[in-house]
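Quick notes on the structure that follows.
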Amino acid sequence: MAEGRDPRTVAAANGIASDQRFGAVTPPIYLSSTFAFSGYEQHRGYEYSRTANPGRDLLADTLAQLEDGAGAVVTSSGMAAVDLVLSLAGRGDLVVAPHDCYGGTYRLLSARRDRGHFDLLLVDQSDAAALAAALARKPKLVMVETPSNPLMRVVDISAIAAEAKAAGARVAVDNTFLSPALQKPIPLGADFVIHSTTKYLNGHSDVVGGAVVCAAEADLEPLRFWANITGVTGSPFDAYLTLRGLRTLFPRVERQQANAAAVAAFLAAHPAVAAVHYPGLASHATHAIAKAQQTGFGAMLSFDLAGGAEAARRFVEAVRVFTLAESLGGVESLVAHPATMTHLGMGAEARAAAGIGDGLLRLSVGLEAEADLLADLESALAAAG
């Protein structure tokens, strides 16, 4: 695709009508596990689908263009993408990560630390003194997650990246919650962008996948090499479905965040709600940072019920439009209870340190009619008491 095209055009049309043999408008799917050589030591660009596949390469190219990166590696899951970046750190290296990161990331970081693969320091990255102390220890890698999962805390990517690089660290930003439709970490200084493509990029809750986008060409081959060795590359069919979902990323996100803004305003005014965590609200502690580095506030939010765990139980049992389920970013609206679902593995002590209470609920707001979403919340809040 020609350089300089609007990202919306890239998402909708990259690779369209590129089939040279039959003129297929939609890029074909190559399900073959292996590819024939044209002769001795002469392959046609592809040998084996674990190593490279035309459809997966097209998805990687599209993601790289959307994130203003040099290239991307498509993986079998979001956690595989996180682990691929962590392969850059070795025994004795320090990894700095957010204290309130996604529960799966926390579990992976802790497991690899416990096996001696690297040292780990979890820090509140909004605390300038704590971050400075962590960087003074000369980490190899700084992981950033903004907005955070599930409390939607936003940190300044540019500031953290500048400070981390001054300390000699590489910076990886998890951009799953916003996608390149609303935030681009690489122009803000990130070396790597991590995605669970399961979420907004695919957008239909029918694929599990991930990706790492590299800012520099030099970083791409080492990650491709390690992904091939470990076999964490995504399947051709999953790449095909993800690209199919990616075509509608921008209009989906636009409508979903409009619904989310209405939901956040509704919850903020409800007496049964103790707090709403949504950076789009002017009252949110990190609203100004979000407004500066994002082009929108996204469709993820969380809120604390005044009645605690029992109120949360009654709420999730009463919803009818929202579905009680993990994951996020699909066209349907979901509700999750982090303490017993996505962040259960953190343990009560770590959840308390991160500010994740038993009355906290996380919403992924979908494409349903705004009136139906609000009516469902009203009914469930009444049942929560």
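No value in this document is a laboratory result; all are computed from the given coordinates. Model, not experiment: these values are computed from the prediction. Neighbour counts are summed over all protein chains in view; Cβ atoms, including those assigned to glycine, are modelled from backbone coordinates with ideal geometry.
The aspartates and glutamates whose alpha-carbon is closer than 19 Å to the alpha-carbon of K291, local same-chain residues fewer than 8 away aside, are E67, E145, D156, D174, E254. Residues D372, D304, ranked from the fewest to the most other C-beta atoms within 10 Å, line up as D372, D304.
Just the Kirkwood number for the chain, please: inverse of mean 1/r across all distinct Cα pairs, in Å, one decimal.
Details: mean 1/r = 0.0466 Å⁻¹.
Its Kirkwood hydrodynamic radius stands at 21.5 Å.
Cross-link reach is defined here as a Cα-Cα straight distance under 14 Å, omitting same-chain residues fewer than 8 places apart; for K138 the aspartates and glutamates meeting it are D93, D119, E163. Amide H contacts under 5 Å for G71: C214, restricted to partners 5 or more places along the chain or on a different chain, H placed in the peptide plane at 1.01 Å from N.
Which of the trypsin sites (Lys or Arg not before Pro) across region 280-385 are loop residues per DSSP, with 10 or fewer other Cβ within 10 Å? Write out the running numbers ahead of the final one.
Numbers: sites: K291, R313, R314, R320, R351, R362; in loops: R320.
Of the trypsin sites (Lys or Arg not before Pro), the ones in loops of region 280-385 whose Cβ has at most 10 other Cβ atoms within 10 Å are R320.
Beyond 16 Å, what share of the Cα-Cα pairs of region 144-218 remains, rounded to the nearest whole percent? Within region 144-218, distances greater than 16 Å cover 50 percent of Cα pairs.
With charges only on Cβ, +1 for K and R and -1 for D and E, what is the dipole size of the chain about its Cα centre, in debye, rounded to 20? Could you put the intermediate results ahead of the total?
Working: 30 positive and 39 negative charges, 83 e Å.
With Lys and Arg at +1 and Asp and Glu at -1, about 400 debye.
Full extension of the chain between E378 and T323 gives 18.3 nm of extra length, using 0.36 nm per residue less the Cα-Cα distance.
If you take the alpha carbon atoms of region 1-111 and fit the smallest convex hull around them, that volume is 183 Å³ per residue.
When you restrict to C-alpha pairs under 8 Å that are six or more residues apart and normalise by the size of region 7-246, the relative contact order lands at 26 percent.
Taking other Cβ atoms within 10 Å as a rough exposure proxy, D83, D376 sort from fewest to most as D376, D83. Ranked by the mean number of other Cβ atoms within 10 Å per residue, highest first, peptides 338-344, 181-187, 143-149 order as 143-149, 181-187, 338-344. With the Cα gyration tensor of region 63-222 giving a ≥ b ≥ c as the square roots of its eigenvalues, does the rule (a/c under 1.5 for rounded; else a/b larger than b/c for prolate; else oblate) give rounded, prolate or oblate? It is rounded, given that a/c, with a ≥ b ≥ c, falls under 1.5. Label-to-label distance, A269 versus D206, with points set 7 angstrom from Cα along the beta-carbon direction: 3.8 nm.
Relative contact order for region 1-64: 24 percent, from Cα pairs under 8 Å spaced at least 6 residues apart, divided by residue count. Reported to the nearest whole Å, the Cα centre-to-centre distance from region 213-263 to region 330-384 is 24.
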